[in-house]
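> Just dropping this structure here.
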Amino acid sequence: MQAALQLATYNFALSWYAHSPMYIPSDAFLITSVTFGNNRIQLITDAHLLASLAAGIDRDPEIGQDIRDIKRLLQILLKDETFRVHTWLSPLAADPHVGPVFLEETSWLTAVRVAWNVDPYLAVHLSERFVSVAMMREIRKLIMANPEDVIESPLAAEIMLGDSLATDLAFQLRV
């Protein structure tokens, strides 16, 4: 019962990350995008909320490997979001508790697979939040294996096709 509740709670929290980050410009930038910094009081509130949420997740017991992996993914995403908010609040401050997310290239493989199992769109949108060659390669591999899972995502099509037609796709097209 507790494991099911934990899993549902983590999946709910991760659903927020299954969309493009609001700080990424889009075609309808003025309508859909919100930048950090337009309301300092809101940013301070967001920073406190993120810190409280991260502390609560850290105290949450881990029941099983699946929950441990999902919890780790959520911690990575929260740490990244906290870093971005703190950067907008005080760009020159050096807070030792807040910093960018650094993972080894091999760790991204697990993170992407966990994200894909939770929600394929979550895995696709990791590419907008982090920079990693291994992560992009794994996301593309998952998209190529299951394109129907992310059929409504223009970003997934962009990742799959790249800047030019990849050689591994050419055989699927009629000439």
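> Return the loop-located GluC sites (Glu not before Pro) in the range 59-123 (DSSP other than H, G, I, E, B) with at most 16 other Cβ atoms within 10 Å of their own Cβ; answer none if there are none.
Details: sites: Glu62, Glu81, Glu104, Glu105; in loops: Glu62, Glu104.
Counting only loop positions with at most 16 other Cβ atoms within 10 Å, the GluC sites (Glu not before Pro) in the range 59-123 are Glu62, Glu104.
> Also: Using the Karplus curve 6.51 cos²θ - 1.76 cosθ + 1.60 with θ = phi - 60°, work out ³J(HN,Hα) for each residue of the range 96-109 in order, rounded to whole Hz, and write x for Gly and Pro.
x, 8, 10, x, x, 7, 10, 10, 5, 4, 5, 5, 5, 4
> From the phi of every residue in the range 5-13, what ³J(HN,Hα) in whole Hz does the Karplus formula 6.51 cos²θ - 1.76 cosθ + 1.60 yield, where θ is phi - 60° and glycine or proline is x?
5, 4, 4, 5, 5, 5, 4, 5, 4
> So if R0 is 22 Å, what FRET efficiency would Glu158 and Thr106 give, r being the distance between their Cβ atoms, rounded to the nearest 0.05? All intermediate terms of the calculation are to be shown ahead of the outcome.
Numbers: r = 25 Å, r/R0 = 1.13.
So, using R0 = 22 Å, E works out to roughly 0.30.
> Exactly which chymotrypsin sites (Phe, Trp or Tyr not before Pro) in the range 82-135 are in a DSSP loop and have at most 14 other Cβ atoms within 10 Å?
Details: sites: Phe83, Trp88, Phe102, Trp108, Trp116, Tyr121, Phe130; in loops: Phe102, Phe130.
Hits after loop and neighbour filter: Phe102.
> Further question: Roughly what would the spin-label model give for Ala3 and Val133, points 7 Å off Cα along C-beta, in nm?
3.9
Throughout, read-outs are computed from the coordinates displayed, never taken from laboratory work. Since we're looking at a predicted model, the values are computed, not measured. Glycine also receives a Cβ, built like all others from the backbone with ideal geometry; neighbour counts cover every protein chain displayed.
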